[in-house]
Amino acid sequence: AGIFFWALMTALCGFAGSFGAIAATRMGVGIGEAAASPLSHSVLGDTMDSRKMPLAMGFLHLSQVWGPGLALLLGGYAVTLAEHSATLGLPFSDLASWRQVFLYVAIPGFILAPIILLTVRVPRRNQPTGNTVAQNAARNAAQNAAQTAALKAFWARNKNFIWRYELAVGCFTAGALTLTSWMPTVFVRVFHYHQADAGKSIGAVALIFGTVATIGWGAIASWQMNRGKKLAALDDLIVLGLMEMVLAPIVPMMPNGEWALMALAPCFLVSMGWGSLASSLVQLITPSNLRGRIAALYLAFGSLTGMILSNVGVPMLTDYVFHDPAKANYSVAIAGGLFWGVGALIFASCKRGYAAGLNAHPVPVSPIDNFVAEPMQA
């Protein structure tokens with residue numbers, strides 16, 4: 001349902017005729033997208049062996065690599081296709097090219113939604129059967145009340161960790177967005193690339209090295225946890241942030257686009273591994289009946305904070321410090337290094353709270369094969 005709604009709202013963006021319409025349809029896109037991550041994190045948290053959690057999250061977070069990577073890569077082709085749609089005799093060629101792009105990128109959603117509905121089996125906890133509608137409603141109300149109380153207790157017990165963790169996630173999100181969102185601007189303004197060529201080039205590098213990073217960092221953390229390092233995912237996040245604090249500013253300061261693309265390779269090899277590690281932290285300390293809610297809170301706050309920091313910080317530096325759009329590379333270098341470095345320091349301050357959370361809620365080793373046999377928890 002989320003995928004179908006996302007695709008529908010994306011397509012409607014192409015027909016928006018006012019600011020209010022484009023704002024409403026863009027909010028609809030966000031609503032559709034919002035279904036995916038909390039539900040996916042909750043299912044993985046319930047079904048995976050805790051020592052394999054970072055690696056499992058690494059596979060899930062391939063979407064965070066392939067999504068932006070394909071957006072940059074295929075987005076350039078979509079722009080080119082829209083510009084030549086009349087010559088090719090494509091439908092809606094009378095619309096402006098930017099409107100056509102919304103229609104093109106919505107097509108995969110309409111294809112995927114029914115395929116997933118008909119083919120993907122989601123493991124389910126055993127549910128009581130044979131109850132009346134009133135009994136089911138009463139049970140659901142009781143479960144919701146219990147979950148709300150459990151959420152408050154979880155927050156009270158882990159608040160010193162959670163608020164630091166959220167801020168660190170916001171900083172890392174801002175650092176990642178500074179690279180993926182603002183580097184195309186640097187390639188256009190500073191290295192004089194065509195917009196479509198910039199997207200294709202950066203997207204190709206992101207796809208290749210981001211894939212290795214996402215799986216690699218998750219595999220390293222899982223290997224360390226198998227060897228008894230319970231705090232491995234958090235320790236690796238700190239190391240990753242410090243490494244990226246050095247690597248990220250180098251890329252936009254390269255003398256030309258070719259050198260910048262080469263510098264992006266090690267940069268993405270580090271930066272694109274953080275999502276799987278950060279997601280694992282939440283699942284490893286959260287009780288099973290709260291995983292979806294906690295994941296939703298962390299994703300919402302972290303994403304919002306990151307987008308605000310990235311989308312405000314870089315333009316402010318460009319406009320009010322350097323006073324020159326052609327010096328966006330300086331802004332990206334400063335902002336990127338700052339976001340990653342501050343995030344690493346905040347993650348380092350989380351260690352005591354994270355260790356306490358693990359001790360308070362040790363995650364059992366429960367392979368996916370045993371998932372269906374487990375009783376439903378209130």
Amide H neighbours of Tyr193 under 5 Å, at least 5 residues apart or on other chains, H built in the peptide plane: list them.
-> Val188
Given the chain, longest segment not containing exposed loop chymotrypsin sites (Phe, Trp or Tyr not before Pro) (DSSP; at most 16 other Cβ within 10 Å) = 93-370
Would you calculate the separation in nanometres between label points at Arg139 and Tyr77, each defined as 7 Å from the Cα along the Cα-to-beta-carbon direction?
-> 4.9 nm
FRET E, pair His84, Ser18, Förster distance 22 Å, beta-carbon r, rounded to 0.05 = 0.20
Karplus 3J(HN,Hα) series, Hz, for region 196-211 with 6.51 cos²θ - 1.76 cosθ + 1.60 (x for Gly, Pro) | 5, 5, 4, x, 5, 5, 5, x, 5, 5, 5, 4, 5, 7, x, 4
Can you give the longest stretch of the chain with no exposed loop site, where a site means trypsin sites (Lys or Arg not before Pro) in a DSSP loop (not H, G, I, E or B) with at most 12 other C-beta atoms within 10 Å?
-> 228-378
Net charge, Thr25 excluded, C-beta distance under 15 Å - Lys, Arg +1, Asp, Glu -1 | +1
Short version: ³J(HN,Hα) in whole Hz for each residue of region 341-356, in order, from phi by Karplus 6.51 cos²θ - 1.76 cosθ + 1.60 (θ = phi - 60°), x for Gly and Pro, what are they?
-> x, 5, x, 5, 5, 5, 4, 4, 6, 8, 4, 5, x, 5, 4, 5
Inter-part gap, Cα centre of region 285-339 to Cα centre of region 167-235, in whole angstrom, is 14 Å
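Using the Cα centre as the reference, give the magnitude of the dipole from point charges on the C-beta atoms of region 246-368 (Lys, Arg: +1; Asp, Glu: -1; all else neutral), rounded to the nearest 20 debye.
For region 246-368, the charge dipole is close to 540 debye.
State to the nearest 20 debye the size of the charge dipole of the chain about its Cα centre, where the only charges are +1 on K and R beta carbons and -1 on D and E beta carbons.
Approximately 1220 debye in magnitude.
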Residue separation between Lys152 and Ser349 times 0.36 nm, minus their alpha-carbon distance, gives in nm 68.6 nm
Over the chain, what is the relative contact order in whole percent, taking alpha-carbon pairs under 8 Å and six or more residues apart?
-> 30 percent
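No lab work stands behind these numbers, since they all come straight from the coordinates. The structure displayed is predicted, hence computed values, not measured ones. A quick note on method: Cβ atoms are made from the backbone with ideal geometry, for glycine too, and the neighbour counts reach across all protein chains shown.
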